[in-house]
Amino acid sequence: MDARKINMRLSVEEIDQLDRYAKGTSDQKEIAAVEDRMNSDASYRQLAKEHLALIQVVVRHGERMRVRQLLEAAHREVNAEPALAEAGTAAGSQASMISSSARQTNQKQSRRFEVGYWKLSGIAASVALISVVATFIITRSLKNEQSANYKELRRNVEQIKRSQKLMMDDIAEQKVAPAPANYAGTSFMISSNGYLTTSYHVVRESDSIFVENEAFGNLKAKVVYQDRENDIALLKIPGFVLEKSSLPYAISKKESSLAEDVFTLGYPKEDVVFGAGSISAMTGYKGNPIAYQISVPVNPGNSGGPLFNNRGDLVGIISGQQTQSSGTAFAIKSTILLASIDQAPDSIKTLIRPSRVSSQKIPSRVDQVNEWRKYVFMVRVYKEQ
C-alpha cells in the first residue's frame, strides 16, 4: 500500500525526507533538520513516528516474504524428488524385465536409491539451514528495533600504557594490588576536599578505582554514593585537599538555553581531549528531561566528563551518544547533579562544598581550559577476574 495514501497529513517532500532518514541515506544537515523539527514540533513528531513505524512494518513484511519464497522453493524441490525416484524405479523395473541378469538390475536400483537418498538429505539440510538463517534474521531484526540506539561512553582497557612506573609506585605505597583495568572514563572534581563525580555506568562494576591526570598523578579513589536512576556516582580521594579553598568553576543551579555554546574535557584517549559545540535540544535521548542533547563530538571514555558553558560554569555531565546519528551526544543536567548530591547521606553531602565563585575572571577559552583541566581526571576501573 502506498504510504502517501495512508499519511495524507504529511507532504510528499516530508515523506521523501523521512524515507531517506529511515534508510540512512540522508546527509548530516538533513538528519539535523528532521531531528530538530521532531524535538520542537509535537504534531510533526507524531506524524513522523507513525510514518517511520509504517516503514518498519513494510521492511519486516518484505523480509518475511523473501524468506517465505526461499522456503517454498525448497519445499517444491523436496516434493519433486519422490516423483523422480518413482520414475527411476519404474524405468529400472522395465529394464529388469528386458535384462537377463537380475543381479545387474538390483545393483542399478541400489545405486539409484543411494543417489536419491543423498539428494534428499542435501535438500533437507538446505531447508534446515534456510530455516535457521531466517529465524536468526527475523529475531535479530526485532531485537535491533527494540534496543535503544544509545551508547554509554565508558571505554574498554586492555592494558595500562601510560605512567606505568608512577602508577605501580602509588599502588605499592597504598598496598593495593588491583587486577588489570577493565574500563576507563572521565571524572571531575566538585569540591576542593577530594570529592569527584562521574557517570554511574562507568564505575558500576568496580572492585577498585584510580583517578589520574597530569597535575596530580595517579590517586586511589572510592565510590561513596551511587544514583543509578540519574546515572551519577560520587567519588572520594581519601586524604586529598586542594591548596585552594575552592574550585575555579561553579555548578550551575539553572538550566542552560537552547543553542548555548558549550565545551567538554575528557579522556577518550590517554591524554585529555577538548570538544566544543552547542546545546541542540533541551531533552536527552527519547525526550528524557534530565539531560540535554548536545552537538559535541564524544567517544568511548568521555562518559562522566564535565560540560562547561562560555562562562566556565559546569552545566552537565557527559553520559552517552546516539549511535545512528553522528555528532549527537547527551549530558545529564547540572541541576540533576545538585539534586543527586542533596539526596546523598548527610555524612557525604555536608562535606561537599561546590564553588560559588564567578568563572568570568578567566575570559579566554584557552586559559579556561588550561586551568580547568587540572580538575578533570581519567577514571580507571578495576574488577577482579
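Annotation note: Cβ proximity below 9 Å between a residue of segment 297-318 that is assigned by TED's automatic domain parsing to the domain that holds LEU338 and under 11 Å from PHE263 (Cβ atoms) and a residue that is among the aromatic types (Phe, Trp, Tyr) and surrounded by fewer than 23 Cβ atoms within 10 Å (Cβ to Cβ) (sequence gap 6+ or interchain) occurs for PRO306/TYR375; LEU307/PHE263; PHE308/PHE263; ASN309/PHE263; ASN310/PHE263. With a requirement of 2 or more residues that are surrounded by 16 or more Cβ atoms within 10 Å (Cβ to Cβ), modelled with pLDDT of 75 or more and in contact with a Phe, Trp or Tyr (Cβ under 9 Å, 6 or more places away or on another chain), the helices (runs of 4 or more DSSP H) lying completely within segment 1-83 that satisfy it span 28-40. Among the listed residues SER295, SER319, SER303, identify the single one that is more than 27 Å from ARG356 (Cα to Cα) and within 19 Å of the chain's Cα centre (by Cα). Only one candidate qualifies: SER295.
This table checks each residue for (1) farther than 18 Å from SER187 by Cα; (2) in a loop (DSSP other than H, G, I, E, B); (3) acidic (Asp, Glu).
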{"site": "LYS253", "(1), (2), (3)": "yes, yes, no"}
{"site": "SER257", "(1), (2), (3)": "yes, yes, no"}
{"site": "LEU265", "(1), (2), (3)": "no, no, no"}
{"site": "GLU270", "(1), (2), (3)": "no, yes, yes"}
{"site": "SER278", "(1), (2), (3)": "yes, no, no"}
{"site": "PRO289", "(1), (2), (3)": "yes, yes, no"}
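Any chance segment 255-263 includes a residue that's within 17 Å of VAL376 (Cβ to Cβ), modelled with pLDDT of 95 or more and either buried (at least 21 other Cβ atoms within 10 Å of the Cβ) or in the same structural domain as SER187 (by TED's automatic domain parsing) (or both)? Yes, segment 255-263 contains a residue that is within 17 Å of VAL376 (Cβ to Cβ), modelled with pLDDT of 95 or more and either buried (at least 21 other Cβ atoms within 10 Å of the Cβ) or in the same structural domain as SER187 (by TED's automatic domain parsing) (or both).
The values are calculated or read from the model by the stated rules, or taken from the named source; none is laboratory data. It should be emphasised that the depicted structure is a prediction, and the values quoted were computed from it without experimental measurement. Methodologically, a virtual Cβ is constructed for each residue, glycine included, from the backbone with ideal geometry; neighbour enumeration extends over all protein chains shown.
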